[in-house]
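Enquirer: Below: one structure in structure tokens.
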């Protein structure tokens, strides 16, 4: 598929749903290293020109002195995409194959928004001030693609 330019004015984030949010807090405030795991799932409705990006974000520490503190978030981001048909081709199985640039763009918007949501959710805990790192949406997309290939 030849890549086309993304027009941000045709991408509309119209709903955010925090499906799950759980926090096992640190016993004390402090700078503690956390590992972060991010996964995503994409769903679509071609007729209504909609795409949903589901993000799963886990923050974990494996230290006994931190009481194995962790935070888990599952957040859905619902987008309306004007002229969605421009961003996919049908495969041999008649399934849509979306432009990598479109999905990477939607992942970037979703993860950036999730960073703010998580920052706010942690603000009244001992994890307050934790800022998730900036991640490359292209790397998130490639990682997911590699995992899909390995499952086949």
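Enquirer: Using only helices, what value at 222 nm comes out for the chain when you add -39,500 (n - 2.57) per DSSP H run of length 4 or more and divide by the total residues, to the nearest 500 deg cm²/dmol?
Expert: -8500 deg cm²/dmol
Enquirer: How high is the relative contact order of the range 1-147? Use alpha-carbon pairs under 8 Å, at least six apart in sequence, and give a whole percent.
Expert: Averaging sequence separation for qualifying contacts and normalising by length gives 26 percent for the range 1-147.
Enquirer: Given the Cα-Cα distance of residue 29 and residue 131 and 0.36 nm per residue of separation, how much length would full extension add, in nm?
Expert: Working: separation 102, 0.36 × 102 = 36.72 nm, distance 1.45 nm.
Net length gain for the segment: 35.3 nm.
Enquirer: Further question on the same structure: If one takes the longest principal axis of the Cα atoms in the chain, at what angle in degrees, from 0 to 90 and to the nearest 10, does the Cα axis of helix 100-121 lie?
Expert: 30 degrees
Enquirer: Further question on the same structure: Suppose we take every Cα in the chain and form the convex hull; what volume per residue is that in Å³?
Expert: 126 Å³
Enquirer: Can you order the peptides 32-41, 113-122 by their average number of other Cβ atoms within 10 Å per residue, highest first?
Expert: Working: 32-41: 13.8, 113-122: 16.2.
Most protected by this proxy first, the peptides run 113-122, 32-41.
Enquirer: Using alpha carbons only, how many degrees (0 to 90, rounded to 10) separate the axis of helix 137-151 from the longest principal axis of the chain?
Expert: 80 degrees
Since every read-out is calculated from the coordinates, none of them should be taken as a lab result. It should be emphasised that the depicted structure is a prediction, and the values quoted were computed from it without experimental measurement. Ideal geometry is used to build each Cβ from the backbone, glycine not excepted, and the neighbour counts take in all protein chains shown.
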